[in-house]
Amino acid sequence: MKRLNDDGFTLVELTVSILILSVIVVVIGGALIFGLKTFGSTTQRLSESHDLQLAASYFAADVASARTVSLAADPSCPVSGSVVVTLGWTDPTAGNEVVSYVTQTVTGGRQMVRHLCAAGTTADVTVVHALGTVGSPVCPTSCSGSPTSTSISVTEADGYPYTLSASRRGS
């Protein structure tokens, strides 16, 4: 008499393994879809955080050094764009320095740029890449001359708001 081959899986074992595998695929697929959906918003928040850190570090140092504050461009340091605030001081090694924070329209939106004029050279740094709105500077008394502190309200293009605030040294 011939004996049957018992190698292989039964129909019940195959059905259970396919059921377990399908549950695992659904869970992994859901996690992947969730991760892909949140990637864009996470990237946006990181960009906003980077803008805030960059703008705050430059603005605080510039206001701390400033001896003069103006709401117009300095004639010795022409800029392109709309001036938000201009700060000036004398550096012992570089001489007179002027920094203007200006808004500029570029392809894809608006930006806030820090424009530095020092020792006959200029340098631009984009401190807010996706600018929505920027408020007028706020100072304790007046934003001309030598105020003790200066603040600017900034809103990113997607609505993320923050305020840049700084005080002058020795005030």
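Between 120, 135, which is farther than 21 Å from residue 77 by Cβ and surrounded by fewer than 17 Cβ atoms within 10 Å (Cβ to Cβ)?
On inspection, the qualifying residue turns out to be 135.
Within region 151-159, identify whether any single residue is exposed (fewer than 12 other Cβ atoms within 10 Å of the Cβ), closer than 29 Å to residue 42 by Cβ and not acidic (Asp, Glu), and answer yes or no.
So far as region 151-159 goes, yes, one or more of its residues are exposed (fewer than 12 other Cβ atoms within 10 Å of the Cβ), closer than 29 Å to residue 42 by Cβ and not acidic (Asp, Glu).
Run down 104, 111 and say which single residue is touching a Gly at 6+ places or on another chain (Cβ under 9 Å) and within 19 Å of residue 72 (Cβ to Cβ).
104
Output the number of residues of region 65-88 satisfying the condition of being modelled with pLDDT under 90 and among the hydrophobic types (A, V, I, L, M, F, W, C).
Qualifying residue count for the region: 7.
Tell me yes or no: at least one residue of region 105-116 is surrounded by 16 or more Cβ atoms within 10 Å (Cβ to Cβ) and either under 25 Å from residue 170 (Cβ atoms) or touching a Lys or Arg at 6+ places or on another chain (Cβ under 8 Å) (or both).
yes
Give region 135-171 a look and list any residue that's touching a residue at least 40 places away in the same chain (Cβ under 8 Å), over 15 Å from residue 57 (Cβ atoms), assigned to a strand (DSSP E or B) and under 14 Å from the mean Cα position of the chain (by Cα), or say none.
156
Counting only residues that are in contact with an Asp or Glu (Cβ under 9 Å, 6 or more places away or on another chain) and touching a residue at least 24 places away in the same chain (Cβ under 8 Å), give me the strands (runs of 3 or more DSSP E) lying completely in region 1-118 with at least 2 of them.
Numbers: elements: 68-70, 82-91, 95-106, 109-118.
By residue number, 82-91, 95-106, 109-118.
Out of curiosity, is residue 65 surrounded by 18 or more Cβ atoms within 10 Å (Cβ to Cβ), of a type in the set (Ser, Thr, Tyr) and within 22 Å of residue 148 (Cα to Cα)?
Working: surrounded by 18 or more Cβ atoms within 10 Å (Cβ to Cβ): no; of a type in the set (Ser, Thr, Tyr): yes; within 22 Å of residue 148 (Cα to Cα): yes.
Answer is no for this residue.
The values are calculated or read from the model by the stated rules, or taken from the named source; none is laboratory data. In this text the structure is predicted, and so the values were computed from the model without any measurement. For neighbour counting, all protein chains shown are included, and Cβ atoms are generated from backbone atoms with ideal geometry for every residue, glycine included.
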